[in-house]
Each structure stands twice: as structure tokens, then as C-alpha cells.
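K.L.:
Handing you this structure, nothing more for now.
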Amino acid sequence: MNSTFKLKAPFEPTGDQPGAIEVLSAELKQGKRFQTLEGVTGSGKTFTVANVIERNNRPTLVISHNKTLAAQLYGELKSFFPDNAVEYFVSYYDYYQPEAYIPQTDTYIEKDASINKEIERLRLSATNSLLCRKDVIIVASVSCIYGLGSPEDYIGMLVQVEKGKEYERDSILSRLVDIQYNRNDYEPEPGTFRVRGDTVDIFPSYSKKGIRIDFFGDQVEGIRQIDVLTGQTEAVLDKALISPAKHFVMPQEKIQPAIDRILKELKERVAWFEKENKLLEAQRIQQRTMYDVEMLKELGYCSGIENYSRHLSGRAEGEPPATLINYFDGEFLTIIDESHVTLPQLRGMYNGDRARKMTL
């Protein structure tokens, strides 16, 4: 079977590399789940792994223990696989203070964060590639084990437009708003669209390219990929598939049932706080939740929407949330870089986050 992954390098495996590639590939084929590749720094482990990825021919998740190493791996794998979808998925916060509570001093700390828009674009590009392609390699940090929106809802919110078909222009605009795109007729930013007569320009949140849709009445006359700055046509397309601007998006018909579940739990928690004579906590959770509920009603989104992911996705209590791993369809290969550091960090981050949330 021909691999969809095409490794391109100006050198061939040498020394111990051919043997390592053969053993790793053969045992993967036999279904052996856990293998370890050892080697000193500079011995070509990344190149060896790249050869295994090509032979294995499955979507691949590479987990590293910090952003700097992840970025280095991302650059190397991108140079080895220039024709495949090599993506980067790390935490998109430049600064992050999680919501927390210190019982000893009765101190409540609100969530405060600064999001890096370029890293957010790369994260969205990663999930978009997983939905659209099979030849995907994602280099991720520990961020890949944290909750994302449901892949089923994400897929259900895709906006597809085909050349020659009829769509009411305003219905397309309405659907873009539903998936968290904002209209901006002046500045082409990721996650926005603009309208000029019968022409709609969409600037996907996950791409540096724009999509221009030309209407003739209700018929799509043409679809083009354009340069965001100049508006020049770079490619003519038969169809366009626009993914949501954020990972947490919900179909409108699911929002009200989710709000009903949120209010039900709110009532139970407020009653518990009042019974324990914790009136300040009862007032705080009532005020915060009602504000978020109003935002969900009006915008379909709120700050800290991940706090309500169980209700939004309809999961049972105790059921784990969807993560990046759930966006992989079928079998995939996981490679853990520097596993002696990365595995303890994965466990530590999970347990630390759980302890904070239990206290909260």
C-alpha cells in the first residue's frame, strides 16, 4: 500500500537507524502497542520516527513536554513532510491565571488570561486538518489532554458551499455568525467575514488565506482562494468547507436544553451552599452563572464556556470531556517525546488540575 505520507530528506538512514526503523515498523504492524526508541542527543531519533510515520501511514500525534521542544519538533517534521499536514497544538495562553479558591483565607481568584491569536489559529488549523485529511501529524504539548468542544458538534456546524448550487446569501451569513464568525467590512482578520454586494469574503480562523464567494442572485457563481492582503486570486475552487471559529460551538437547538441543565445544577448548588450557611458562595455562583447563561442565550458563547462543557455536550456526570484525541478518526499513532519527563508531566497536570477544580 502506498503511504499518504511522503518523507523528503537529503539523506538516507545510516548507522543504527535502518535497524530501528525496521523493528519499530514491524512491531507496529504486529499490533505491539508500546515501544521505546532510545538514543543520545543528535543521534537522529526524529528522522528515525519520521521514517516510521511514513511506513505506518496513520495520522500521528506527537506529544512533547514544553512549547519550545514542541516548536522544534514541529519545524523538523514540517521540513520532512512538506506536502502533508503537519500541525502545532499547544496552549494558546500568553498568560493564564485559572479560576481558583483558597479555603484557608476564603479567597476567590477569578480567571484571567491573555490569548495568543496566532497559536489559536494553529490549534484550529490542527482540528480542521483532522476533519478534512488523513495525512496529518500533530505536534502537541500537554494541552492535548484538556477539554475541547465535542467533535460531533464541531463537524455538525461546518459550513459547506459548492459552485453552481443555490444558497440564500443571508442564510450563509447567518450560519457564519452561528459558528462564531464576526462581520468586519474593514479589516480582514481571522474569524471574520465581509460583504460587498454579491461578494462574500470569509477569513477562516485557521488559515492565512481567504475564501471569496461570488453570488449571482442565489446561485454561487464562483469560489476562489484569495490573498488576504491584496485580494488577488490564488486558486479557483469547486467548493469551500468553513470550520467554526472556535472549538466550543453549539447548534442553536442544543443551547436551550443545555441552559436548562445548567440552571437545574445551579439550583442544587445554591441550595447546598445556603444549607451550609455559605451565603457569600451562594450569591457568587448565582451571579456568575446567570451572567454566563445570558451570554449563551444572546451570543451562543461565553467566557469560560469550557466550564459548562458537560451540559453543552450532554455528557453524564463523571464522563470525560472530548479532547484533541477525540478528533482523530480511527487508528492513529502516538509518539511521546522525552517520555521520562513527558509522562510524569501529563499525570501531574491532570492530577493538579483535578485538585484545583475539586477545591473550587
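The values are calculated or read from the model by the stated rules, or taken from the named source; none is laboratory data. All figures in this text were calculated on a predicted structure; none of them were measured in a lab. With ideal geometry, Cβ positions are generated from the backbone for all residues, glycine too; neighbour counts draw on all protein chains shown. In case anyone asks, the SASA skips ligands and DNA or RNA and just uses the protein heavy atoms, side chains included. Shrake-Rupley method; radii C 1.70, N 1.55, O 1.52, S 1.80 Å.
K.L.:
Once the Cβ-Cβ distance between Asp106 and Ala316 is put in as r, and R0 is 30 Å, what FRET efficiency do you end up with, to the nearest 0.05? Don't skip to the answer; put the middle values down first.
P.N.:
On the way: r = 32 Å, r/R0 = 1.08.
The pair Asp106/Ala316 has a calculated efficiency of 0.40.
K.L.:
A follow-up question, please. For the pair Leu158 and Thr199, what calculated FRET efficiency results from E = 1/(1 + (r/R0)^6), where r is the Cβ-Cβ distance and R0 = 25 Å, to the nearest 0.05? Present the calculation step by step, with values, prior to reporting the outcome.
P.N.:
Numbers: r = 22 Å, r/R0 = 0.87.
Using R0 = 25 Å, I get an efficiency of 0.70.
K.L.:
Under a Cβ-Cβ cut-off of 11 Å, what is the net charge of the residues other than Asn184 that fall near it, where Lys and Arg count +1 and Asp and Glu count -1? All intermediate terms of the calculation are to be shown ahead of the outcome.
P.N.:
Numbers: positive: Arg183, Arg194; negative: Asp185, Glu187, Glu189, Asp201.
Around Asn184, the surrounding residues sum to -2.
K.L.:
Further, regarding this structure: Using only Cα atoms, locate the centre of the range 143-160 and the centre of the range 216-239, then give the distance between them in Å, rounded to an integer.
P.N.:
Computed from Cα coordinates, the inter-centre distance equals 26 Å.
K.L.:
Go through the range 189-202 residue by residue and turn each phi into a ³J(HN,Hα) via Karplus (6.51, -1.76, 1.60, θ = phi - 60°); whole Hz please, and just put x for glycine and proline.
P.N.:
3J(HN,Hα) across the range 189-202, in whole Hz: 10, x, x, 10, 9, 9, 10, 9, x, 8, 10, 10, 9, 10.
K.L.:
Toward the positive end of the charge dipole of the range 152-242, about the Cα centre and with charges on Cβ (Lys, Arg +1; Asp, Glu -1), which of Ser174, Val236, Val195 goes farthest?
P.N.:
Checking the options against the dipole of the range 152-242, the answer is Val236.
K.L.:
Still on this structure: Tell me, what HN-Hα J-couplings in whole Hz come from the Karplus equation 6.51 cos²θ - 1.76 cosθ + 1.60 at θ = phi - 60° for each residue of the range 339-346, using x for Gly and Pro?
P.N.:
4, 5, 9, 5, 5, x, 5, 4
K.L.:
Counting only heavy atoms of protein chains, what accessible area per residue, in Å², does the chain have with a probe of 1.4 Å?
P.N.:
Details: 20110 Å² over 360 residues.
Each residue of the chain exposes 56 Å² on average to a 1.4 Å probe.
K.L.:
Shifting gears a bit: Looking at Met290, Ile335, Gly318, which one has the Cα that reaches farthest to the positive end of the dipole of the range 258-335 (charges on Cβ: Lys, Arg +1; Asp, Glu -1)?
P.N.:
Met290
K.L.:
Go ahead and set up a Gaussian network model of the chain, Cα springs under 10 Å, then flag whichever of Phe203, Phe216, Phe81 fluctuates most.
P.N.:
In this elastic network of the chain, the residue with the biggest mean-square fluctuation among Phe203, Phe216, Phe81 is Phe216.
K.L.:
Also, quick follow-up: If you take P(r) over Cα pairs in 20 Å bins from 0, in percent from the coordinates, which of (1) 28, 57, 14, 2; (2) 28, 61, 11; (3) 25, 51, 23, 1 do you get?
P.N.:
For P(r) over Cα pairs in 20 Å bins from 0, in percent, the calculated option is (3).
K.L.:
Using the Cα centre as the reference, give the magnitude of the dipole from point charges on the C-beta atoms of the range 1-67 (Lys, Arg: +1; Asp, Glu: -1; all else neutral), rounded to the nearest 20 debye. Don't skip to the answer; put the middle values down first.
P.N.:
Details: 9 positive and 6 negative charges, 72 e Å.
It comes to approximately 340 debye.
K.L.:
Can you give the calculated 222 nm mean residue ellipticity of the chain, where each DSSP H run of n ≥ 4 adds -39,500 (n - 2.57) and the sum is split over every residue, rounded to the nearest 500 deg cm²/dmol?
P.N.:
Numbers: 10 runs with 142 residues, N = 360.
That comes out to -13000 deg cm²/dmol.
K.L.:
Sequence-distant or interchain residues sharing an amide H contact under 5 Å with Asn116, placed H: which?
P.N.:
For Asn116, the qualifying residues are Tyr93, Asp94.
K.L.:
For Ile285 and Arg33 in one chain, what is 0.36 nm times their gap in residues minus the Cα-Cα distance, to one decimal in nm? The partial results should precede the final answer.
P.N.:
On the way: separation 252, 0.36 × 252 = 90.72 nm, distance 4.49 nm.
Extra length from Ile285 to Arg33 when fully extended: 86.2 nm.
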